[in-house]
Amino acid sequence: WAYGCGPGNYGGASGIASTSGYAATTYRAVFQMLFGSYFGDWDHGNDFLRAPLCNPDYGLACCWAGRPNWQFHHMGLGEPIGYAALLSWTYSPYIMGARVQGAHVALMGDPTLRMHPIPPPQDVEVVVGSGLAHLAWTPSSDQIEGYHIYRSDSVEGPFQRITSTPIADAFFSDDTPPEGESVYMVRALKLQSSASGTYYNLSQGAYSTLVEQVGELPLAVEGWNLYE
């Protein structure tokens, strides 16, 4: 995390940084907040608020922070930065400060980003045998509690969780696979501790599609990962 505040112009903040500086220097912060005048004037090219996203190695999200106050603490318990934006853009139970409910705060970057991503499982495969759908995958490289399995009839969802408790093994059999195409998603589960507390953290999903079922024959499947 990083915060920068200073007298501003379209391309930088005095004593803080500049757009050209971000392009040439590594600022070692993933989530960044900037506060100053003219940072969000999109009628000028290379505006400063967008500059952190152009950093070679870091800078995945940036926002204009200070009027109003941003509420980021939920990210310490697994919420994405988009949830912080929602609380900060609307009235909430917190002391918000000035200029509430304005679009000027302008979150830059992916609103689904979280503080504690964990490596997902990989290479999910599914075949049919004895009326069951058998799944197997390459385990997550992290120290985890287990995996949850989800199923849908479309890659666009919605997905329904079909495991009541996390499973420790890197394989699973669905004893009630529906007819037709089924999309399976596997997510790793970790008990995550942070300065804000402890929570169960789910990885991104790894997917495989069972094309169809005909009798007891094992069928070819399409396996893929969300962030391969």
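How large are Rg and Dmax for the stretch 1-125 when only the alpha carbon atoms are used, in Å?
15.3, 55
Using 0.36 nm per residue, how much length does the chain from residue 193 to residue 24 gain when fully extended, once their Cα-Cα distance is taken away?
57.4 nm
Work out the length of the dipole vector of the chain about its Cα centre, built from +1 on the beta-carbon of each Lys and Arg and -1 on the beta-carbon of each Asp and Glu, and round it to the nearest 20 debye.
The dipole magnitude comes to about 1360 debye.
Can you check what the net charge comes to around residue 13, using other residues whose Cβ is under 14 Å from the Cβ of residue 13 (Lys, Arg +1; Asp, Glu -1)?
So the surrounding residues net to -1.
Could you give the Stokes-Einstein D for the chain in µm² per second, using the C-alpha Kirkwood radius, 4 °C, 1.567 mPa s?
The Stokes-Einstein estimate is 64 µm²/s.
How far apart, in nm, are two points set 7 Å out from the Cα along the Cα-to-Cβ line at residue 57 and at residue 113?
1.6
List the chymotrypsin sites (Phe, Trp or Tyr not before Pro) in the stretch 10-57 that DSSP assigns to loop (not H, G, I, E or B) and whose Cβ has at most 12 other Cβ atoms within 10 Å. Which are they?
42
Every number here is computed from the coordinates shown, using simple stated rules; none is lab data. No experiment lies behind these values; they were computed from the predicted model shown. When we count neighbours, we look across all protein chains shown, and the Cβ atoms used for this are built from the backbone with ideal geometry, even at glycine.
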